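K.L.:
Please see the structure below; I have some questions.
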Amino acid sequence: HTIPNGQPADPFFEESVLDTIFFIPSILSPDNKFTDLVCEKSGKTVHLLHLTPITTPESNFKLEKGSDDLLDLFDEKEHPFVLDETRRSYV
């Protein structure tokens, strides 16, 4: 899912084009060892999400082509795990 920062979307940081949040499964562990938590009392599983700031063009790309294509684009561009507030759009 994506959520823009207002309508129209405003950048989250000064001098930035990142204006939308992209919710994706946790990127910390590809084997899912640390992406789910089980609550001891209820036994319910909590799935951890990673919130990634993206640009409006990237959000539009995701809406047109799907989340998997945007994640493939992230892989192609070697998207960093550490936030770069000045990152430019990959689209």
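K.L.:
Which of the residues that make up region 47-91 are part of a helix (DSSP H, G or I) and among the β-branched types (Val, Ile, Thr)?
P.N.:
Across region 47-91, the qualifying residue is only 56.
K.L.:
Closer than 12 Å to residue 24 by Cα and touching a helix residue (DSSP H, G or I) at 6+ places or on another chain (Cβ under 8 Å), is that true of residue 70?
P.N.:
Judged against the criteria, residue 70 is a match.
K.L.:
Related question: State yes or no: is residue 84 at pLDDT below 90 and of a type in the set (Asp, Glu)?
P.N.:
When the stated conditions are applied, residue 84 does not pass them.
K.L.:
A further question follows. Condition (residue is open to solvent by less than 70 Å² (accessible area, probe 1.4 Å), at positive phi and at pLDDT 90 or above) applied to region 30-47: is it met by at least one residue?
P.N.:
Scanning region 30-47, I find no residue that is open to solvent by less than 70 Å² (accessible area, probe 1.4 Å), at positive phi and at pLDDT 90 or above, so the answer is no.
K.L.:
Could you list all residues from region 52-91 that are among the aliphatic types (A, V, I, L, M) and surrounded by 10 or more Cβ atoms within 10 Å (Cβ to Cβ)?
P.N.:
54, 63, 70, 71, 73, 83, 91
K.L.:
Now for a different question. Which condition from (1) β-branched (Val, Ile, Thr); (2) over 13 Å from the mean Cα position of the chain (by Cα); (3) closer than 18 Å to residue 9 by Cα is the one that residue 52 breaks?
P.N.:
(2)
K.L.:
Right, another one. Take region 55-72 and flag every residue that is over 23 Å from residue 15 (Cβ atoms) and either aliphatic (A, V, I, L, M) or out of contact with any Ser or Thr (no Cβ under 7 Å at 6 or more places or on another chain) (or both).
P.N.:
Result: 63, 64, 65, 66, 67, 68, 69, 70, 71, 72.
The values are calculated or read from the model by the stated rules, or taken from the named source; none is laboratory data. Just so it is clear, the model here is predicted, and its values are computed rather than measured. Cβ sites come from the backbone with ideal geometry, for glycine too, and all protein chains shown count toward neighbours. Each accessible area value is taken on the protein alone, full model and side chains, heavy atoms only, with ligands, DNA and RNA left out. Shrake-Rupley method; radii C 1.70, N 1.55, O 1.52, S 1.80 Å.
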